[in-house]
Amino acid sequence: MNKNKLLSIGEISKYTGAGIKALRYYDKINILKPAYVDPETERRYYSFNQTYIVGLIMFCVELDVPLKELSEFIDGQEVMNLRGFLSHGKEAAQKKIKALEKGLSFVDSLEQKIAVQAKYPLGEIYTQEHTDKNFYAIPYKKSFENIDECEMTKLLLDTPFNDDEINDLFEYGLIYERTSSETRRYVYIEMPNGKEIADSKVIPGGTYYCRQSDKSQIEQAAEIFKDYLAGRDSYIAIETEVFSGTSDINKPINELRVLAI
């Protein structure tokens, strides 16, 4: 083979942007063999057509595709199944795009939540309109005075949802349901859209009186909202962590909501 018509490893590195060490590694794991190796100097040479393969490999690296997977598309004669290679890369790209879109959607939703909560100073009572919500509710037999995030997390780990059904912005928290005859407490998480299970609980919509605090105050809801609840012995209190632009990670901000029923 006339090596003068080929590209040296330095030249193909400069042309494609792939590092020389990376090109040697591609050779080692059998995904890009040089077109020619000089038997005297052991220097590697590549055909111009191989620059396209280098580009595809670098694309797969960007997508976090394990490089050894690509060796499946090269047979014992060092012939590449280019169609299979492209299909594999395209599939990986589509998965990456889906993951990025999900991440961007999460960021957008979080920014919107932060913008909403930023309107309300800590400790100030305000009102918000909420629609009916379907929660998965786990009965809690003790007072909420000493419950912490770790205990809540352990309870919520047993929810009957799979990972694809839950997103990071699902609302979760505590429900305190008071009537003239009894008090019920629940740990809850928002139900995925369209999900139906026996232990779900519909929390009615309406105008909720709300207040933010850096500590749990759900057991004191009747006192905090005494003016609103005056003369009413039945109400629902909901407490959930909310997002603020800046906050102490060791003291999350909670929003306490109350609705007379």
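The values are calculated or read from the model by the stated rules, or taken from the named source; none is laboratory data. In this text, all values refer to a predicted model and were calculated from it rather than measured experimentally. As a convention, Cβ positions derive from the backbone with ideal geometry for all residues, glycine included, and neighbour counts pool all protein chains shown.
Some values worked out for this structure:
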read-out	value
Selection within the stretch 72-121 - in a loop (DSSP other than H, G, I, E, B), surrounded by 11 or more Cβ atoms within 10 Å (Cβ to Cβ) and not hydroxyl-bearing (Ser, Thr, Tyr)	81, 118
Residue among 57, 53 that is closer than 21 Å to residue 3 by Cα and assigned to a helix (DSSP H, G or I)	53
Positions within the stretch 150-197 being assigned to a loop (DSSP other than H, G, I, E, B) and at pLDDT below 70, in sequence order	161, 162, 166, 167, 168, 169, 193, 194, 195, 196
For residue 27: the one exception among (1) in a helix (DSSP H, G or I); (2) in contact with a helix residue (DSSP H, G or I) (Cβ under 7 Å, 6 or more places away or on another chain)	(2)
Qualifying residue in the stretch 13-35 (condition: over 20 Å from residue 85 (Cα atoms) and of a type in the set (Asp, Glu))	no
Residue satisfying condition, being at pLDDT 90 or above, crowded, with 16+ Cβ neighbours inside 10 Å and either basic (Lys, Arg) or touching a Leu at 6+ places or on another chain (Cβ under 7 Å) (or both), within set 31, 9	9
Condition check for residue 138: closer than 30 Å to residue 252 by Cα, touching a Lys or Arg at 6+ places or on another chain (Cβ under 6 Å) and in contact (Cβ under 8 Å) with a residue 12 or more places away in the chain	no
Condition met for residue 12 (in a helix (DSSP H, G or I), in contact (Cβ under 8 Å) with a residue 12 or more places away in the chain and over 30 Å from residue 170 (Cβ atoms))	yes
Which listed residue is outside the structural domain of residue 128 (by TED's automatic domain parsing), more than 28 Å from residue 3 (Cα to Cα) and polar (S, T, N, Q), from 71, 87, 47	87
Options 133, 98, 68, 113; residue that is modelled with pLDDT under 85 and either within 26 Å of the chain's Cα centre (by Cα) or under 30 Å from residue 212 (Cα atoms) (or both)	113
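Residue-wise test of (1) farther than 16 Å from residue 177 by Cα; (2) of a type in the set (Phe, Trp, Tyr); (3) touching a Phe, Trp or Tyr at 6+ places or on another chain (Cβ under 6 Å); (4) at pLDDT 85 or above.
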site	(1), (2), (3), (4)
205	no, no, no, yes
208	no, yes, no, yes
215	yes, no, no, yes
220	no, no, no, yes
240	no, no, no, yes
249	yes, no, no, no
257	no, no, yes, yes
